[in-house]
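All remarks here apply to the structure that follows.
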Amino acid sequence: MTKYYVTSEQAYLVVQGTDLSLQSGDSYLWWLNGANHGSSVAPTYAVEAEDGGEVIVWDIKTSGLGDYLQDATNDLSGNTIFGLTSTSEEGTSTITDIGFYTYEEMTELLKVATAVDSPESPEATGKLYNLQGVQVAEGATQKGIYIQGGKKVVIK
C-alpha cells in the first residue's frame with residue numbers, strides 16, 4: 001500500500017472535475033483522515049472552472065476535521081469521505097484531481113479556474129463579490145477570496 005503524505009501547510013482539500021453540482025447542500029465532507037465530529041462540513045469554495053469543469057475546496061483548518069493533520073508531515077492513512085452530487089443526466093461525474101494544496105497553490109488554482117483576471121470579469125466597481133458572483137454586504141466579509149473591480153482580492 002502506498003502512503004500519501006501532506007504537510008501542515010497543505011490545508012485545502014481540492015476536488016476538480018466535470019458535472020459536479022455547485023449548489024449549496026450538494027457537496028459535503030464527513031470524514032478527514034479518520035476524524036469526524038458527528039457532522040458534515042460544507043465546502044469553503046464551490047466554483048465553475050474556466051475550462052467548464054468545477055472546483056470544490058474545503059479549508060481543513062476551519063472545517064473542524066483537521067484533528068489528525070497537525071504535524072509538519074501527515075500520513076493520510078485514515079478514512080476520508082466526502083459526497084458530491086452530479087449534474088449529468090446519467091448521474092455520473094468525472095473527477096480529474098483530488099489533492100491537498102497550500103493557501104498559495106489553492107488561490108492560484110482558483111484564480112486560473114475562475115479567470116478572475118480576465119477581461120470578461122465583472123465591470124470595475126467598488127462592490128465586493130464572492131466567487132459565486134453574489135455581492136457581499138459591506139462589513140460582512142470573512143477571511144477568503146473575493147472579486148472587487150474585476151480583480152481577485154484576498155482577505156486574510
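Could you tell me which of the residues 59, 19 is on the phi > 0 side of the Ramachandran plot and surrounded by fewer than 20 Cβ atoms within 10 Å (Cβ to Cβ)?
Unique residue meeting the criteria: 19.
Here are the criteria: (1) within 26 Å of residue 156 (Cα to Cα); (2) modelled with pLDDT under 75; (3) open to solvent by 80 Å² or more (accessible area, probe 1.4 Å). Tell me which single one residue 115 does not satisfy.
Result: residue 115 fails condition (3) only.
Considering (1) touching a strand residue (DSSP E or B) at 6+ places or on another chain (Cβ under 8 Å); (2) within 14 Å of residue 76 (Cβ to Cβ), say which one residue 34 fails and leave the rest.
(1)
What is the one condition in (1) under 20 Å from residue 18 (Cα atoms); (2) touching a helix residue (DSSP H, G or I) at 6+ places or on another chain (Cβ under 9 Å); (3) among the acidic types (Asp, Glu) that residue 59 does not satisfy?
Residue 59 satisfies all of (1) under 20 Å from residue 18 (Cα atoms); (2) touching a helix residue (DSSP H, G or I) at 6+ places or on another chain (Cβ under 9 Å); (3) among the acidic types (Asp, Glu) except (1).
So, of the residues in segment 68-81 that are within 20 Å of residue 102 (Cβ to Cβ) and open to solvent by less than 80 Å² (accessible area, probe 1.4 Å), which turns out to be modelled with the lowest pLDDT?
Selected residue: 72.
In segment 82-97, which residue that is within 14 Å of residue 27 (Cα to Cα) and surrounded by 12 or more Cβ atoms within 10 Å (Cβ to Cβ) is modelled with the lowest pLDDT?
Out of the qualifying residues, it is 82.
Can you find a residue that is in contact with a Leu (Cβ under 6 Å, 6 or more places away or on another chain), within 24 Å of residue 130 (Cβ to Cβ) and touching a residue at least 40 places away in the same chain (Cβ under 8 Å) anywhere in segment 61-72?
Within segment 61-72, not a single residue is in contact with a Leu (Cβ under 6 Å, 6 or more places away or on another chain), within 24 Å of residue 130 (Cβ to Cβ) and touching a residue at least 40 places away in the same chain (Cβ under 8 Å).
The values are calculated or read from the model by the stated rules, or taken from the named source; none is laboratory data. None of these values were measured; they are calculated from a predicted model. So basically every Cβ, Gly included, is an ideal-geometry build from the backbone, and we count neighbours across all protein chains shown. We work out accessible area using only protein heavy atoms, side chains counted, and drop any ligands, DNA or RNA first. Shrake-Rupley method; radii C 1.70, N 1.55, O 1.52, S 1.80 Å.
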